[in-house]
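*Asks:* Below is a structure I'd like to ask you about.
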Amino acid sequence: MKSRTIITVLGKDQKGIIAKVCTYLSDNGINILDINQTIVNGFFNMMMIVDMKDVEKDFSVINSELDELGKSIGVKVEAQREDIFDMMHRI
């Protein structure tokens, strides 16, 4: 099973989005492999590739907690396993 996951964050820009998301990831043993973020017309967009091989929680729990974190800071946070992401974006 692949351990890489794609995490996306989208919403109105505000202070602390990156800090809160990255703190959650670190607290749960999730390693950030690559990160890209942009702000366009006041909207924040971030895509991360993370390694979840050392995570003890089930993927569904991580996904649910990221969703709740996003709601608490006013952004949409989604996590998709790399293999599923690849299949959805195959031409």
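*Asks:* What shape does segment 1-85 have by the C-alpha gyration tensor, where a ≥ b ≥ c are the square roots of the eigenvalues, rounded means a/c under 1.5, and otherwise prolate means a/b greater than b/c and oblate the rest?
*Replies:* Because a/c hits 1.5 or more and a/b exceeds b/c, segment 1-85 counts as prolate.
*Asks:* Using a 1.4 angstrom probe on heavy atoms only, work out the carbon and sulfur share of the accessible area of segment 4-89 in %.
*Replies:* 51 percent
*Asks:* Turning to a different aspect of this structure: With label points built 7 Å along Cα→Cβ from the Cα atoms of residue 31 and residue 54, find their separation and express it in nm.
*Replies:* About 0.7 nm separates the two model spin labels.
*Asks:* Straight-line reach only, C-alpha to C-alpha below 17 angstrom: list the aspartates and glutamates that residue 53 could link to, leaving out same-chain residues fewer than 8 apart.
*Replies:* Residue 53 reaches 27, 34, 82, 83.
*Asks:* Go ahead and set up a Gaussian network model of the chain, Cα springs under 10 Å, then flag whichever of 25, 66, 33 fluctuates most.
*Replies:* Largest GNM mean-square fluctuation: 33.
*Asks:* In addition: Measure up 15/76; 12/57; 12/71; 20/57; 15/71 against 22 Å on the Cα-Cα distance and list the ones that go over.
*Replies:* 12/57
*Asks:* Taking θ = phi - 60°, what integer Hz values does the Karplus form 6.51 cos²θ - 1.76 cosθ + 1.60 yield along segment 11-27, in sequence order, with x for Gly and Pro?
*Replies:* Coupling constants for segment 11-27: x, 5, 5, 7, 5, x, 4, 4, 4, 5, 5, 5, 5, 4, 4, 4, 4 Hz.
*Asks:* At 1.4 Å probe size, with every protein chain present, just tell me what the per residue accessible area of segment 20-87 comes to in Å².
*Replies:* For segment 20-87, the solvent-accessible area averages 60 Å² per residue.
The values are calculated or read from the model by the stated rules, or taken from the named source; none is laboratory data. This structure is a prediction, so every number in the text was calculated from the model and none was measured. As a convention, Cβ positions derive from the backbone with ideal geometry for all residues, glycine included, and neighbour counts pool all protein chains shown. SASA here: full protein model, heavy atoms, side chains in, ligands and nucleic acids out. Shrake-Rupley method; radii C 1.70, N 1.55, O 1.52, S 1.80 Å.
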